[in-house]
1. Could you tell me which of the residues I46, I103 is within 15 Å of the chain's Cα centre (by Cα), farther than 19 Å from I20 by Cα and not basic (K, R)?
2. Going residue by residue through the range 66-76, is there one that turns out to be without any contact (Cβ under 8 Å) to a residue 60 or more places away in the chain and among the basic types (K, R)?
3. Pull out all pairs, ordered by first then second residue, where Cβ-Cβ is under 7 Å, the residues are six or more apart or on different chains, the first lies in the range 4-28 and is touching a residue at least 12 places away in the same chain (Cβ under 8 Å) and closer than 14 Å to I46 by Cβ, and the second is among the small types (G, A, S) and surrounded by fewer than 17 Cβ atoms within 10 Å (Cβ to Cβ).
4. Only one of I52, I31, I88, I5 is crowded, with 18+ Cβ neighbours inside 10 Å and either over 11 Å from the mean Cα position of the chain (by Cα) or in a loop (DSSP other than H, G, I, E, B) (or both). Can you tell me which?
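Laboratory data are not the source of any read-out in this text; all were calculated from the coordinates shown. Computed from a predicted model, the values in this text were never measured in an experiment. Ideal geometry is used to build each Cβ from the backbone, glycine not excepted, and the neighbour counts take in all protein chains shown.
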Amino acid sequence: MIRGIRGATTVSNNQEEQVIDAADELLRKMIESNEVEATDVASVFISVTSDINAAFPSKALRRFPDWKFVPIMCMQEIPVVDSLPLCIRVMLHVNTTKSQASINHIYLKNAVILRPDLASNN
């Protein structure tokens, strides 16, 4: 069965190194806490708020061994008024036997306000 694993983080500035490093940290924590193997990943969606355009956060995933063939798509979030700025969101679509309640969703930095109920499980 395919399950979604959610995650989000923020950067303090729209700078290439910050965007890639923040995505790297988030993705590593999502992968490690859910014991994800690249061969079990159907696809990855990464979105950013409109104030992030210095880099594709997907570049972070290309640093990971064995993730070469995982399909990744970057996109822009809907620009909702008063939404969290400088935010990177990730959705991993993973083949797993885990239940929904067993999935560890990861929220870092200012993104913990998006889902404090899930962030407390980090």
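1. I103
2. Among the residues of the range 66-76, at least one is without any contact (Cβ under 8 Å) to a residue 60 or more places away in the chain and among the basic types (K, R), which makes the answer yes.
3. Qualifying pairs under 7 Å: V19/A54.
4. Criteria check complete, one pass: I52.
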